[in-house]
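Quick notes on the structure that follows.
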Amino acid sequence: MSIEDEEAKIIMEKAAKAADELYIIRDTYFPLNPNHKISTLQSQSDLALKLLDSIPPEHRRLPATRATHEYLRGKILDVFPDYRKEAEDHLSKAVKLNPSLADAWLCLGNCIWKKGDLPSAKNCLILALSKGSNKKILCQLSMLERRMAQGADNQEEIVKESIKHAKEAIALDVKDGNSWYNLGNACLTCFFVTGAWDHSKLLQSLKAYQNAEKDEGMKSNPDLYFNCATVNKYLENYERALSGFEAAASKDPGLNAAEEAEKMISLLDKLDSFLRGQTKAKRLASLTASLAAVNLNSSYRRATIDHLSEGLNRAVAILGKVIFFIKHENTTPLYFLVCDSDQVCFILTVYGMRNDAIREGDQVTLLEPCYHYVDFSWKGKCYQFKSIRVDFLEQMLVNGKAMPAQYAIRNSIVAQNKP
């Protein structure tokens, strides 16, 4: 190898390293002003492109290096959040010159995704995988499938494919935090797709996020903290959710994590206010008087809230009167103030159900209730209340009748394009 060839090779290696460093900036740098990030990426990408341009033209055109040169140029240009046609052109040339460049296929798929051509983006990722199993490509395919599920008739089927590919990525490297994070996202999406009621999907998602947190490299990922906080919010682990949103906000002020924490505190304050205010004893006695006359199915034992155990209470039924529907900023879950036959008030949270399914004054029978006693302090304020969650229609009777299927709802998916 000549001196010129050796120098060209060294410059190409430096350019490849510069491209990788660009993506580290993209994934870990979150200034207060998002424009600062774009300007940093712009200046660093300009330097990386200058480095590539310093390779003599005769070396760039060599069959052994031309594809790599096109790939690196496209990769550098594609680091920005918006679609760049120039990036697509260079990446397309790279895969034509060397179809075995798996990372070029991956970058091309990401680029085309930003253009909005999701089927073509998926085709690029499938072609990339045909060159050999790769955890990064599997994670990207899993993420793309979640995006493709939005608005599709077969959402559940597509999200199951997303989970399958996420698990395949983990099988290649069980210690890779990004793969676990991706699986957590897939399980969380599945929770929403199936109607935001399947408690097990939340637990699977939480476990995946906890495994992701074991990887030191993931501690700079604000979305991990935000999504984990979201899961804890739906699991009603309020203190952990608030801590997670605060951590996400500190790592990326551009996320709406601080707003989510404020909304949760506002909700908790509202629940606390309703419970403290409650209703006059005379009215409670009048409301609950009819509960004693209700006949239960013999397979259930009647109980009151104070006799429940933490978690699922099998073969038990709680009867209550709905006193208030508690409005809040999110669409799910629904919150109600309910009073049992002992005139003890508690919070009822209902998932996957239309907000007109239960009305104030209705009598509810909660079958095999899932009970949780909330008790924590946040910034000097103590929150203590009894709570029962209902995840699906079959867990509840309203005015002695089963809930019609049309009251079940599906919540929209939230899946961002973050290649």
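The values are calculated or read from the model by the stated rules, or taken from the named source; none is laboratory data. Nothing here was measured: the structure is a model prediction, and the numbers come from that model. Glycine gets a Cβ as well: all are built from the backbone with ideal geometry, and neighbour counts include every protein chain shown. Please note that ligands, DNA and RNA were not included when accessible areas were found on the heavy atoms of the full protein model with its side chains. Shrake-Rupley method; radii C 1.70, N 1.55, O 1.52, S 1.80 Å.
Structural descriptor for the chain: relative contact order 11 percent, calculated from alpha carbon pairs under 8 angstrom and at least 6 residues apart. For the chain, the longest principal axis of the alpha carbon atoms and the long axis of helix 222-234 meet at an angle near 20°. If the Kirkwood radius is taken over C-alpha pairs of the chain, then at 10 °C and 1.306 mPa s the Stokes-Einstein diffusion coefficient equals 65 µm²/s. Taking GluC sites (Glu not before Pro) across the stretch 250-354, the ones in a DSSP loop with at most 15 further Cβ atoms lying within 10 angstrom of their Cβ are Glu310, Glu329. The string of couplings for the stretch 60-74 from the Karplus curve (6.51, -1.76, 1.60, θ = phi - 60°) is 5, 8, 5, x, 6, 10, 4, 4, 5, 4, 5, 4, 5, 4, x Hz, one whole number per residue in order, with x for Gly and Pro.
Positive end of the dipole of the stretch 174-224 (Cβ unit charges, origin at the Cα centre): among Pro222, Gln210, Trp197, the Cα lying farthest that way belongs to Trp197. For the stretch 134-216, the fraction of 1.4 Å probe accessible surface lying on carbon and sulfur atoms is 50 percent.
Taking square-rooted eigenvalues a ≥ b ≥ c of the alpha carbon gyration tensor, is the stretch 171-326 rounded, prolate or oblate, where a/c under 1.5 means rounded and, failing that, a/b exceeding b/c means prolate? Cα axes put the stretch 171-326 in the oblate bin. For the stretch 204-309, trypsin sites (Lys or Arg not before Pro) meeting the loop criterion (DSSP other than H, G, I, E, B) and having at most 11 other Cβ atoms within 10 Å: Lys214, Lys280. The charge dipole of the chain, taken about its Cα centre with unit charges on the Cβ of Lys, Arg, Asp and Glu (plus for the first two, minus for the last two), comes to roughly 840 debye.
The residues of the chain expose on average 48 square angstrom of accessible surface per residue, using a 1.4 Å probe on protein heavy atoms. Where in the stretch 233-276 does the label zone of Ser39 land, with the point 7 angstrom along Cα→C-beta and an amide N cut-off under 15 Å? Answer for the stretch 233-276: none.
Using a Gaussian network for the chain with springs between C-alpha atoms less than 10 Å apart, which of these wobbles most: Leu101, Leu144, Leu91? Its mean-square fluctuation being the largest, the pick is Leu101.
Is the C-alpha gyration tensor of the stretch 1-142 telling us rounded, prolate or oblate? Criteria: a/c under 1.5 is rounded; beyond that, a/b larger than b/c is prolate, otherwise oblate. Here the stretch 1-142 falls in the oblate category.
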